[in-house]
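All of the numbers you see were taken from the coordinates with simple rules; none came from a lab. Keep in mind the model is a prediction, meaning the values are calculated, not measured. As a convention, Cβ positions derive from the backbone with ideal geometry for all residues, glycine included, and neighbour counts pool all protein chains shown.
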Amino acid sequence: MSATERERVMPPRPLLPWTTAFCAGLCASCGLVLNAAADALLGEGAASAALLWAIPVAAAAFVVFARSCMRLARWKRWLYATAVGLVAGAIVSAGWAIGALRASDALDGRAASSLEFVVQGDPSINDEAYSYTCDAIADGKRVGAVRLSCDRELDAGSHVRVIGRISRFENDSYGRSRVLRGELRKVKAVRIVSVDEGSPGPLLRLRNELLAAIAPATDPARSLIAGVVCGRSSELRAQPAGDWFSVTGTAHLIAVSGSHLAIVGFVIEGALQKTRCSRGLQRALLAVTLVAYAAFTGASPSAVRACCMVFATLVANGAGRRRHGLSALFVTMSIFMLLRPTVLFEMGFQLSCASVFAILCFCPYATYALGELGVPTGIAGILSVTLCSQLATVPITVPAFGTFSLIAPIANAVIGPVVSVLLAVSIVLAPCSLVPLLRPWALVVPMVAARCALFFEQLFAAVPGASVSVPPDSVWIYLVPFALLVLLAWWPRPRVRPMAAGLLFLVFAAVVPCVYWDRFAPPSVTILDVGQADAILIRQGDTVALVDCGLDERVVTALVRNNVHHIDAVFVTHWDEDHWGGLPAVLEQFSVGTIAVAADALEDAPSQILNRPGVSYRQVTRGDDVDIGAFRARVMWPFESVDGEGNEDSLVLLLTYAQEGKRLRMLLTGDAELDQEREFAQEAGDIDVLKLGHHGSKVSVDGELLDVLKPELSIASAGEGNRYGHPSDTCRDAVREAGGAFACTIEHGDITITPTAKGFAMRCQRP
């Protein structure tokens with residue numbers, strides 16, 4: 001049989017070991033107990049009693065399964081394995097939860113200055129602020145893990161004393177994610193009192209010295225080198241270049257994983273083969289080197305997982321047993337969770353395990369299927385790895401990032417080899433930068449390879465439609481792993497015509513909604529629920545405009561769930577942060593045509609939004625008309641030039657729609673208050689909908705103004721539990737006494753107004 005014929009042989013269904021069941025039971029019980037612990041730590045649930053409930057449940061399941069084994073003899077091993085996994089997971093996670101609760105009680109009421117913080121790992125960098133996972137030490141004993149934020153870069157292993165504030169995490173997605181990862185409190189450092197680098201081990205000291213020589217903060221190419229060699233991607237992710245990797249679906253290339261260890265192993269093995277060492281000694285040295293490299297890069301879950309699987313393979317080979325990748329994977333996962341159950345909620349661990357599982361199970365099948373479609377063998381192999389890993393990680397990446405990369409298969413096929421070359425040459429040459437005489441020359445070749453990789457990243461990221469925004473709660477993302485499981489159970493022989501028809505259907509199903517919302521969107525105005533901030537979406541046909549951008553990245557999430565893929569114009573009413581703070585995130589996520597502000601306000605615009613490539617800037621004055629599809633926005637305020645700093649400088653727009661018998665008049669007031677609104681109320685006249693100024697404060701409206709404007713509906717945008725008490729009872733009462741309806745994003749979520757022949761219709765959508 002020729003090589004080509006062997007490649008076209010239908011691959012057999014992969015054998016799932018009984019350790020799969022044990023690992024599944026372990027994951028289920030750990031997830032249940034840790035979520036109960038998170039509720040208690042976030043102040044949303046009972047403390048200790050609810051944490052142990054999974055143990056008797058798991059024990060009962062063990063008994064039920066054991067009794068059923070006589071009738072289910074075929075599944076006997078799997079049932080026992082599942083039950084044992086449930087019990088084991090409940091015990092280890094409950095043990096962690098009890099310790100976490102005790103540590104939480106110990107941290108309550110303590111001053112940050114009474115603790116010493118030991119930095120663990122690399123920072124997260126955001127707006128020039130650094131966040132670290134730290135061990136809190138009191139009286140020489142570890143209390144628990146916390147999240148330390150400060151304005152200074154610290155080396156891993158440093159002992160830090162600060163003056164600051166210890167507080168609980170908010171019960172939101174971010175707070176819950178940090179608690180589930182084992183961080184009990186957040187610490188905001190006002191001032192750093194002392195920093196002691198301590199006595200780091202040789203590997204950590206070498207890593208810190210190499211990072212100092214590479215200087216990742218000085219250049220994107222150096223940041224990429226630091227990412228692939230040292231496993232430090234903080235600086236790269238804080239730069240625009242970091243977004244390119246997300247858009248192209250190649251972020252895994254800078255995360256130390258099995259592919260990195262394979263390249264490092266290839267380089268080391270090539271060097272060892274030049275020596276006279278025995279084969280056994282070469283394998284031992286290779287294993288030690290891989291472990292050292294994993295520790296050197298920060299011992300990320302993906303790197304440690306890869307090391308464990310390599311060791312499992314070496315043990316199997318040494319014992320004369322057939323190696324089995326899936327067995328090694330599930331044994332490794334089980335060991336991880338038994339030692340540290342919180343690893344279950346670390347994204348690096350989730351992505352690594354899901355992608356490896358999909359590659360081991362489905363990659364041969366995908367390669368065969370692509371070969372049936374006529375794709376060359378080499379290209380089919382590369383594409384199948386990317387497709388399998390990307391589809392398997394969709395339920396993880398989409399809820400976290402809200403995007404899906406369409407260009408990932410092609411980008412990985414092109415950029416993957418370049419990054420592999422970068423890693424190979426950097427492993428050899430980068431350590432030479434520690435020698436002062438060689439430092440100017442050590443990074444010349446790695447810099448060339450890094451710039452080449454960044455060139456392709458920027459090229460692919462700039463392709464229109466390279467990445468699409470996906471609502472995090474979309475049902476289809478959970479259908480993907482279900483479809484993969486069905487495929488695993490069914491394992492049909494691929495046929496050309498059904499595969500081609502299925503691909504065409506998938507393309508059609510993906511393209512039609514995008515085309516509809518990009519080209520044929522019905523006229524609507526949506527007050528987005530973005531917390532204690534303003535963001536108003538206006539769209540009709542292929543035209544999309546945004547009035548204000550909220551306070552933070554929540555505006556991006558809100559736009560995604562409303563099927564926005566591009567923005568033609570952004571109106572910023574004034575320079576309060578709750579009206580422009582989310583604009584940098586919008587500019588990074590969407591293509592924006594124009595940013596419009598009041599006359600002369602551009603001079604005081606924040607630097608983060610100026611000089612953006614491809615973005616034009618416009619200043620509008622009273623009386624100007626701006627067309628947004630069939631909508632027309634007339635500038636009603638300010639009457640004269642402003643700096644845009646105060647509420648009285650707010651840009652006020654009268655939005656009108658009149659087409660096909662449908663009409664709508666809506667007044668968007670920004671943060672304008674009564675004194676300003678009285679100046680243009682008569683000119684605005686009778687309106688249908690009023691967007692209340694200043695989040696529905698007591699000075700946003702009164703009965704006299706409402707008698708002039710006569711709105712049928714008044715809407716306030718405010719955040720739940722805000723410290724200002726918005727919307728005020730005074731505002732609510734004034735609206736109702738005037739005979740109008742009142743709505744707020746706190747109760748209704750996104751509020752969408754659509755023109756109708758009989759006035760307007762209102763639709764609400766909870767995030």
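Using helices alone, I'd like the mean residue ellipticity at 222 nm for the chain: each DSSP H run of four-plus residues gives -39500 (n - 2.57), total over residue count, nearest 500. Walk me through the intermediate numbers first.
On the way: 28 runs with 368 residues, N = 767.
Per the formula, -15000 deg cm²/dmol.
Just order 559-572, 623-636 by mean Cβ neighbour count inside 10 Å, highest at the front, would you? It would help to have the intermediate numbers written out before the result.
On the way: 559-572: 21.4, 623-636: 17.6.
Output ranking for 559-572, 623-636: 559-572, 623-636.
Let's test the formula: R0 of 41 Å, r as the Cβ-Cβ distance of Arg663 and Thr730. What FRET efficiency results, to the nearest 0.05? Don't skip to the end; give the middle numbers.
Working: r = 31 Å, r/R0 = 0.75.
The calculated FRET efficiency here is 0.85.
If I model a spin label as a point 7 Å beyond the Cα along the Cα-Cβ vector, how far apart are those points for Met499 and Asp135 in nm?
It is 5.2 nm.
Name all residues of region 328-367 having a backbone nitrogen under 20 Å from the label point set 7 Å from the Cα of Leu506 along its Cα→Cβ direction, giving them as ranges.
Within reach of a label on Leu506: 354-367.
What ranking do 139-147, 225-233, 205-213, 384-392 get when scored by the average of other Cβ atoms within 10 Å per residue, highest first?
On the way: 139-147: 15.4, 225-233: 26.0, 205-213: 17.2, 384-392: 21.9.
Descending mean neighbour count gives 225-233, 384-392, 205-213, 139-147.
Quick one: angle between helix 301-318 and the longest Cα principal axis of the chain, in degrees between 0 and 90, rounded to 10, please.
That works out to roughly 20 degrees.
Can you give the % of DSSP beta bridges in the chain that are antiparallel, to the nearest 5?
Values: 69 of 96 bridges.
Of those bridges, close to 70 percent are antiparallel.
Can you give the Kirkwood hydrodynamic radius for the chain, in Å, rounded to one decimal and based on Cα pairs?
Numbers: mean 1/r = 0.0341 Å⁻¹.
For the chain, inverting the mean 1/r across all distinct Cα pairs yields 29.3 Å.
Determine the relative contact order of region 706-767: mean sequence separation of Cα pairs under 8 Å and six or more apart, normalised by residue count, in whole percent. Spell out each step's value before the answer.
Numbers: 70 pairs, mean separation 19.4, N = 62.
31 percent.
With Cβ to Cβ distances under 14 Å as the rule, what net charge do the other residues near Ile163 carry (K, R +1; D, E -1)?
Net charge around Ile163: +4.
Using a 10 Å cut-off on Cβ atoms, rank the peptides 485-494, 545-554 from the highest mean neighbour count down. The partial results should precede the final answer.
Values: 485-494: 11.6, 545-554: 24.8.
Going by the mean number of other Cβ atoms within 10 Å, highest first, we get 545-554, 485-494.
Compute the distance from the alpha-carbon center of region 638-655 to that of region 398-475, in whole Å.
Centre-to-centre distance over Cα atoms comes out at 44 Å.
Could you work out how much longer the chain between Phe455 and Tyr478 gets when fully extended? Use 0.36 nm per residue separation minus the Cα distance between them, nm to one decimal.
Gain on stretching Phe455 to Tyr478: 4.9 nm.
Going down the list Lys662/Lys710; Lys662/Lys698; Lys691/Lys758, which pairs span over 25 Å between their C-alpha atoms? If you can, show how the numbers build up before the last one.
On the way: Lys662/Lys710 19 Å; Lys662/Lys698 33 Å; Lys691/Lys758 20 Å.
The pairs that break the limit, which is 25 Å between Cα atoms, are Lys662/Lys698.
Between region 558-628 and region 486-507, how far is it from one alpha carbon centroid to the other, in angstrom?
For region 558-628 versus region 486-507, the Cα centre distance is 44 Å.
Skipping prolines and chain starts, which residues have an amide H placed within reach, meaning under 5 Å, of the one on Gly759, given they are 5 or more residues away or on another chain?
Amide H neighbours of Gly759: Arg663.
What FRET efficiency comes out for Ala761 versus Glu153 if R0 is 60 angstrom and r is the Cβ-Cβ distance? Round to the nearest 0.05.
Values: r = 53 Å, r/R0 = 0.88.
That pair, Ala761 with Glu153, gives E of 0.70.
Between Gln282 and Arg612, how many nm apart are label points set 7 Å from Cα along the C-beta direction?
Taking the two extended label points, one gets 5.6 nm.
For the chain, calculate the relative contact order in percent as a whole number, restricting contacts to Cα pairs under 8 Å that are 6 or more residues apart.
8 percent
So how do Lys188, Lys758 line up by other beta-carbon neighbours within 10 Å, fewest first?
Lys758, Lys188
If one takes the longest principal axis of the Cα atoms in the chain, at what angle in degrees, from 0 to 90 and to the nearest 10, does the Cα axis of helix 54-68 lie?
For 54-68 against the chain, the angle is about 60 degrees.
Once the Cα atoms of helix 76-107 and of the chain are each reduced to a long axis, what angle between those two axes, in degrees from 0 to 90 to the nearest 10, is obtained?
So the inclination is approximately 60 degrees.
What's the local net charge at Glu603, with K and R +1, D and E -1, over the other residues with C-beta under 12 Å away? Please list the in-between numbers first.
Details: positive: none; negative: Asp600, Asp604, Asp643, Glu645.
Surrounding charge for Glu603 is -4.
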